[in-house]
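In what follows, a single structure is set out as structure tokens and then discussed.
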Amino acid sequence: MQRRAFNSTLAKGLAAASAATLAGTAGAQTAQKRGGKLGLVLGGGSARGFSHIGVLKALEESGYKADVVVGTSAGSLVGAFYAAGYTPWQMEEVALKVRDIDVADLNSANKRGMFAGEALQKLVNDYLRQQPIEKLKLTFGAVATNLHSGEAVLLRSGDTGQAVRASSAIPGVFVPAQVGGNELVDGGLVSPLPVRFARALGATQVIAVDVGTKPQNNVGNGLYEVILQSFEIMGRALTNLEAKEADFLIRPDTSRFSSTDFGARKDLIQAGYVAGRAALAELNRKVAPNAKAG
């Protein structure tokens, strides 16, 4: 029964991504010519998500500023801070300051996940001064998955920390988040690189950042490592489909890092920065000049 539900969820994600690819690709050149809103899409990747910060540093140094930010899982965490007005350099300070124990609230009361997720929600809200999504400086959306229907859910209002928690709730690792009467889990199940949602929020040009990598041969022995490896195997096909929807794709080289390399934050941020800088020449050719901040 669980396998049928899993396969159904994966099939829905692949179908949605395929349909959105056709729409996104067809409108890309037109969007570049007419300008409009620049969307930034930050994909999931657990610890590799720190490389998003480095990419943002490179983009900001070159004058790029997003109007719309959409993230899945780790991308929703970085995206929420960015949409709230944190600079990439401020985010780096936070990333290097926060300890694993600050978000690892071991859960003994609920057998549906190793961690409750409440600590992550509180951390986000404390840093963002309790600002709800609709009060953030940039248009922001976090993508999660409805555990019962298997559909992608775009969280566009309400508790920002709760949205990030839901988007990052890896099944088996975190307890499903309760949002509006629904049980939500990690958005990477159905939309690991949610370009179509950035377009739904008005983005006419989209830069997507994929921090994932091919599944690694050396899987750790712990339950956490096994779950994350399984997640990556499932999400790679979806990510490749969704990547085709973007006007421009940046892929930091995170191949030497595992999803649990939280101690390599500084190196991951640097990997993102290197990738961002390397992409600038081509980015300037492909993305409309007025996508830059004035």
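The values are calculated or read from the model by the stated rules, or taken from the named source; none is laboratory data. None of these values were measured; they are calculated from a predicted model. Positions of Cβ are generated from backbone atoms using ideal geometry, with glycine treated the same way; all protein chains shown enter the neighbour counts.
What to note about this one:
- Restricting region 235-265 to residues that are farther than 30 Å from T87 by Cβ and at pLDDT 85 or above, the residue that is surrounded by the fewest Cβ atoms within 10 Å (Cβ to Cβ): N240
- Residue match in region 95-103 (condition: closer than 15 Å to Q162 by Cβ and touching a helix residue (DSSP H, G or I) at 6+ places or on another chain (Cβ under 7 Å)): yes
- Per the listing L138, L106, L154, L77, the residue uniquely touching a helix residue (DSSP H, G or I) at 6+ places or on another chain (Cβ under 7 Å) and farther than 25 Å from L238 by Cβ is L138.
- Among the numbered conditions (1) more than 17 Å from S51 (Cβ to Cβ); (2) touching a Lys or Arg at 6+ places or on another chain (Cβ under 8 Å), the only one that I233 does not meet is (2).
- Looking only at region 266-282, residues that are under 18 Å from S51 (Cα atoms) and surrounded by fewer than 20 Cβ atoms within 10 Å (Cβ to Cβ) come to 7 in all.
The rows are residues; the columns are (1) surrounded by 15 or more Cβ atoms within 10 Å (Cβ to Cβ); (2) over 13 Å from D186 (Cα atoms).
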residue	(1), (2)
D100	no, yes
V103	yes, yes
N107	yes, yes
V124	yes, yes
Q130	no, yes
K137	no, yes
S157	no, yes
A163	yes, no
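Yes or no, residue by residue, for (1) within 16 Å of the chain's Cα centre (by Cα); (2) modelled with pLDDT under 70; (3) in a loop (DSSP other than H, G, I, E, B); (4) surrounded by 16 or more Cβ atoms within 10 Å (Cβ to Cβ):
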position: R199; (1), (2), (3), (4): yes, no, no, yes
position: I207; (1), (2), (3), (4): yes, no, no, yes
position: V211; (1), (2), (3), (4): yes, no, yes, yes
position: N217; (1), (2), (3), (4): no, yes, yes, no
position: G220; (1), (2), (3), (4): no, yes, yes, no
position: V226; (1), (2), (3), (4): no, no, no, no
position: I233; (1), (2), (3), (4): no, no, no, no
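- The single residue among S191, S149 that is touching a strand residue (DSSP E or B) at 6+ places or on another chain (Cβ under 7 Å) and assigned to a loop (DSSP other than H, G, I, E, B) turns out to be S191.
- Qualifying residue in region 170-182 (condition: surrounded by fewer than 18 Cβ atoms within 10 Å (Cβ to Cβ) and assigned to a loop (DSSP other than H, G, I, E, B)): yes
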